[in-house]
Amino acid sequence: MTRPGTLETLGRLLSRAADIVGIGLFLAAFAGFIVQIFFRYVMGTPLVWSEEFVMIAFIWTVFWAAAFLVPIREHVTFDVVYDVVSPKTQRILAIFTMVVAITAFGLLILPTIDYLDFLTRKKSPVLRIPMHWVYGCYLFFVVGLTLKMLGRLLRLFGPNWRDAL
């Protein structure tokens, strides 16, 4: 039995770390929601900060999961034509799709950084968290998904391209 390559091991470690972060974000949103319900309906004293906390945790959970937890082939796709053509045609369609998506997402990176820089001057209404931290998850989403698509594109040009379909 051979030892897995360093890159493969690193990939598994990063995937596991992404899973743990995703679980933590979801648990934070869920716990905040439960605390909010408890204080509002059991204690009769709604908390001011809990709704904003849950919203921020939910935003981070959604973008983090979309970027790092959902496999690239599981994202929303238009498969009506793709599923009925030959594997070689599927490969061409997948390459075209990845090139277009990588280009589009790549073009989003600098404007996203610029907008997040603008948001450094604003704070959330209740928790007073700088808004670039609230919406910084979008940059993780754009960069993370771009890297995943780039990885799939490289696999589509490799000898085991059928595995990337």
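The values are calculated or read from the model by the stated rules, or taken from the named source; none is laboratory data. Remember, it's a predicted structure, so these values are computed and weren't measured experimentally. Using ideal geometry, Cβ is built from the backbone for each residue, glycine included, and neighbour counts are taken over all protein chains shown.
Within the stretch 116-139, how many residues are surrounded by 14 or more Cβ atoms within 10 Å (Cβ to Cβ), without any contact (Cβ under 8 Å) to a residue 24 or more places away in the chain and either touching a Phe, Trp or Tyr at 6+ places or on another chain (Cβ under 8 Å) or not charged (D, E, K, R) (or both)?
Of the residues in that region, 7 qualify.
Tally up the residues in the stretch 119-165 that are of a type in the set (A, V, I, L, M) and over 17 Å from the mean Cα position of the chain (by Cα), please.
10
Name the one entry in R152, R91, R162 that is buried (at least 18 other Cβ atoms within 10 Å of the Cβ), part of a helix (DSSP H, G or I) and not polar (S, T, N, Q).
The unique qualifying residue is R152.
Give me the residue from the stretch 1-55 that is more than 23 Å from R128 (Cβ to Cβ) and among the basic types (K, R) and, out of that set, farthest from the chain's Cα centre (by Cα).
So the residue we want is R3.
Taking the conditions exactly as written (farther than 25 Å from L147 by Cβ, loosely packed, with under 14 Cβ neighbours inside 10 Å and among the small types (G, A, S)), does S86 satisfy them or not?
yes
Mind checking which residues of the stretch 24-62 are among the small types (G, A, S), at pLDDT below 95 and surrounded by 14 or more Cβ atoms within 10 Å (Cβ to Cβ)?
S50
Among the candidates V35, V76, which residue alone is among the β-branched types (V, I, T), without any contact (Cβ under 8 Å) to a residue 24 or more places away in the chain and in a loop (DSSP other than H, G, I, E, B)?
V76
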